Amino acid sequence: MKTTIDIPDPLYKRAKIHAVEQGTSLKQIVLTSLEKELTKLKTPTGHPQKSYWANRELLPEYKELVDSGALRPGPNDRDATELISDDRDGR
């Protein structure tokens, strides 16, 4: 698949120099870098890592409010923080 991306000039120059030094093409440098970045998303067991948002800890005062239901619009409704967390965890 072909795509177009904007690369800032200083980064492009560094990547192009690196490609020449390695005796390869800029395309191969980009593909290799993308593959390395995507490989980092998996743990050694092959399972995806939890996202940053799934690993976060709430401030104690805020956690108390969430746990008490003070942020819910109604007794059986989910509050906005739960909806946002679900959305972020799914990324």
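Rule-based calculations on the coordinates, nothing more; no lab input. The structure presented is a predicted model; accordingly, all values stated were derived computationally and were not measured. Backbone-built Cβ (ideal geometry, glycine too); neighbour counts: all protein chains shown.
Over the chain, DSSP H runs of length four or greater, each weighted -39,500 (n - 2.57), average out per residue to a 222 nm ellipticity of -16500 deg cm²/dmol.
Evaluated with a Cβ-only charge set (Lys, Arg +1; Asp, Glu -1), the chain carries a dipole of roughly 700 debye about its Cα centre, given to the nearest 20. Take the Cα of LEU83, step 7 Å toward its Cβ, do the same at THR39, and the gap between the two points is 4.1 nm. Other residues whose C-beta falls under 14 angstrom from the C-beta of VAL66 contribute a net charge of -4, scoring Lys and Arg +1 and Asp and Glu -1. Taking a sphere under 13 Å around the Cβ of LEU26 and counting the other residues whose Cβ falls inside, with K and R at +1 and D and E at -1, yields a net charge of +3.
Determine which lysines satisfy two conditions relative to LYS36: a Cα distance under 17 Å, and not lying fewer than 8 residues away in the same chain. Output for LYS36: LYS27.
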